[in-house]
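Heads up, the thing below is written out as structure tokens.
The values are calculated or read from the model by the stated rules, or taken from the named source; none is laboratory data. These numbers come from a predicted model, not from an experiment. Backbone-built Cβ (ideal geometry, glycine too); neighbour counts: all protein chains shown. Calculation scope for accessible area: heavy atoms of the full protein, side chains included, ligands and nucleic acids excluded. Shrake-Rupley method; radii C 1.70, N 1.55, O 1.52, S 1.80 Å.
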Amino acid sequence: MAVGTEGTPCWADAMFSDVEGAKGFYGDVLGWTFGESSSEYGNYTQAYANGKAVAAVVPPMPGQEGQSQWCLYFASPDAAATAATIRDNGGEVLMEPMQVGDFGTMCLAREPGGAVFGVWQAGVHEGFEATGAPGAYCWAEVFTREPGRTDTFLPAVFPYTAQQTQDDAVDFRIFSLGGQPVLGRMRMTDDFPPEVPSYINVYFGVDDCDGAVARATKLGAILRFGPMTSPFGRFAALTDPQGANFSVIDLTTTEGQMPETVDV
């Protein structure tokens, strides 16, 4: 999908109290390099994979210190209109649409199931310069304890169609744009501690899942799941040393048949 297509995941960033620590960790695990921090925009620092912008890290604003987490942004042609639609459908706008220089306009929100996400109306910054490659964004899933509310909300805000996987063991839904899957939704099971809120899990590409996991855990990350080989790739879920959840996936190593789905 084109970066600007409404509802497409188009950018990811995270606040870290120790930005230099985050740069060292993700630099080693994902091979990222970093641009100059922009003091005009709160020391926002872009990350690059093979010279392409793939994410950003930033220190927390005063009063916003807390556990680090990745925030996924969805493209919108009109952030103010999307914010209104979010409210109209039971979501909460956490940060009103705010213009960021000539880069674009951002908004932060929480869907009714509890997961926080961003909206990005592109200016000169259109979003990811690369996806689906080692070091770059590959996929994301909304982990929610209230899948019914999430499933109603997302297609009301963005022009998604939805397919439910036919698997009694896993409650998983796929949201698509123009027939292309762009986002997953996973029901959180009792395996998740009750204090873990709903969140969006972002997957970054790697060329060797096991090697990335080894580097991450050596640097203090916690392995939450995997590595496991699936029809989509070999992946693992991690929590970085500052508490941000993310996953790594090697898209070239696959096993098994794609799950059957039904339109919903």
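Considering segment 109-264 at the alpha-carbon level, its Rg and Dmax are found to be 15.8, 45 Å.
Nonpolar atom fraction for the chain, defined as the carbon and sulfur part of the 1.4 Å probe accessible area, stands at 50 percent. Ranked from largest, the principal axis spans of the Cα set of segment 65-196 equal 48, 31, 30 Å.
The C-alpha atoms of segment 201-251 occupy a region whose extents along the principal axes are 30, 20, 15 Å, arranged from largest to smallest. For the chain, pairs of C-alpha atoms spaced more than 24 angstrom apart make up 46 percent of the total. Over segment 1-147, the Kirkwood radius and the radius of gyration, each from Cα atoms, give a ratio Rg/Rh of 0.95. With Cβ to Cβ distances under 13 Å as the rule, what net charge do the other residues near Y48 carry (K, R +1; D, E -1)? Local net charge: 0.
Over all Cα atoms in segment 222-264, the spread is summed up by Rg and Dmax: 13.0, 39 Å.
What the phi angles of segment 171-187 give under the Karplus curve with 6.51, -1.76 and 1.60, with θ = phi - 60°, is a coupling list of 9, 9, 10, 10, 9, 10, 10, x, x, 9, x, 10, 7, x, 9, 10, 6 Hz, glycine and proline written as x. Between E36 and D168, the FRET efficiency estimated from the beta carbon spacing at R0 = 41 angstrom works out to 0.20.
Estimated from helices alone, the mean residue ellipticity of the chain at 222 nm is -5000 deg cm²/dmol (sum of -39500 (n - 2.57) over DSSP H runs with n ≥ 4, per residue). Surface analysis of the chain yields an accessible area of 47 Å² per residue, using protein heavy atoms and a 1.4 Å probe.
Each residue was assigned an accessible area with a 1.4 Å probe, and for R215 the value is about 90 Å².
Based on the convex hull around the alpha carbon atoms, segment 1-87 presents an average projected area of 7.1 nm².
What does the charge add up to near T165, with Lys and Arg as +1, Asp and Glu as -1, over the other residues with Cβ less than 15 Å from its Cβ? That sum, taken over residues with Cβ under 15 Å, equals -4.
As a length-normalised measure over Cα pairs under 8 Å and 6 or more apart, the relative contact order of the chain settles at 18 percent.
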